[in-house]
Amino acid sequence: MQTLFTNVNIYQDGTFRRGSVSISDRLLYFGTDVSDSDQITIPGDDFTIFPGFADVHVHFREPGFSYKETIASGTKAAAHGGYTVVCTMPNLNPTPDDPEKLQVQLDIIEKDAMIPVFPYGTITVGEKGEELSDMAGLAPKVIAFSDDGHGVQRVEMMRKAMLQAKALGKLIVAHCEDNSLLRGGYIHDGEYAAAHGHKGICSESEWGQIARDLELVRETGCGYHVCHISTKESVALIRKAKAEGLDVSCETAPHYLLLNDSMLEENGRFKMNPPIRSEEDRQALLEGLRDGTIDIIATDHAPHSAEEKSKGLQGSLMGIVGLETAFPLLYSHLVLKGEITLQQLIEKLSINPRKRFGLPETLAEGKPADFTVFNLNESYTIDPNTFLSKGRSTPFEGWTVQGRCVMTMAGGETAFSRTEEIGDSRR
């Protein structure tokens, strides 16, 4: 069986061109040279083919919390959003701090994943910050090391982790949060918190630990990646570290790029960690995107049950879903509004995360088909009831966006397809 896209807009090597794409025996070819007696031809006039997106920061909750999300539902949601590879964070049960515990997750991935899934191993045992995990035993089977959800509080523990990670050729991927500065806060310590009587989380709880860790990177030479930055100070610190030549990268998430704390509502779908910050912080993040300080946009897809997100800003658990809305939101509200170019967006969603984390290549001729197809002209309203994720909590419910995913292929297999839209014209 061959599938042929004709006259489709193809994004490749930083530019767009019109052409044809064939998939035959699961392999991708450019042009129409490959022939097959049973062919599906798809007129591609309305479609754009992008390299498959890569999310280096997702929570699929399995094992341990499958009522929130599973490998099966999470990878379906990822494919629905145009992602062809994801990296799963380790705050699970059992926590993957040794090879035996990690194998529980690997077995589920092998059985249920719709797209490739690369797990993280923890930095410390149980993510408790008291003892290093079996990093050497984990290294061959994990993408990197992270205690996501918890900052590593002790300087000496992070130093040991960096030295071990460097010896193993792996990144330290840091959730930067100084517990001593949290003071019971749960949203940004800004004007909204003051006006509505909420306890705030100060910006220094994030950037202070980044500053500490960058000193350790200077000392150890470890490759270091910062999760979900949200403050202007974080951007400035990472910009300076890159100028010095340190092996440092970082990510932010769509909600920090599109929202500020004046847009908060008394609803759990606006609660995540780190919190939505000020407009000044948002503008600094946008500038960091434009000048290359911020390498990657990751969703921090973090589903919870409806009950867990129904207790307002104070009582709800932290975390929102994002895999199925990231591209249309960013395309509609950043690219189409001139904040960044479409090429910059694809770099942050696909090219840079693959390079930094050594993830499989995409849109490679003669290799298993790996790409996503979008109709960039289609407008619609974000409706959580259409999500394939078990999670439904998003601050973007009701937003109008442009650009809908119509097909995703990963590893030569169709992971998602809107068959009614792409048609089925057999030769």
- Task: Could you list, in sequence order, all residues of the stretch 266-281 that are within 18 Å of the chain's Cα centre (by Cα) and either without any contact (Cβ under 8 Å) to a residue 60 or more places away in the chain or outside the structural domain of V321 (by TED's automatic domain parsing) (or both)?
- Result: M272
- Query: Identify, please: which residue in the stretch 293-338 is crowded, with 21+ Cβ neighbours inside 10 Å and among the β-branched types (V, I, T) and is, among those, farthest from R61 (Cα to Cα)?
  - Reply: T293
- Item | Qualifying residues in the stretch 83-107 (those that are over 17 Å from the mean Cα position of the chain (by Cα) and in a loop (DSSP other than H, G, I, E, B)) - the one surrounded by the most Cβ atoms within 10 Å (Cβ to Cβ) | P96
- Item | Meets criteria (in a helix (DSSP H, G or I) and of a type in the set (D, E, K, R)) for E110 | yes
- Query: Is it fair to say T220 is polar (S, T, N, Q) and within 18 Å of the chain's Cα centre (by Cα)?
  - Reply: no
- Of the residues in the stretch 238-265, those that are more than 20 Å from the chain's Cα centre (by Cα) and part of a helix (DSSP H, G or I) come to R239, K240, A241, K242, A243, D261, S262, M263
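The values are calculated or read from the model by the stated rules, or taken from the named source; none is laboratory data. Values in this document were obtained by computation on a predicted structure and should not be read as measured data. Every residue, glycine as well, gets a Cβ built from its backbone with ideal geometry; the counts of neighbours run over all protein chains shown.
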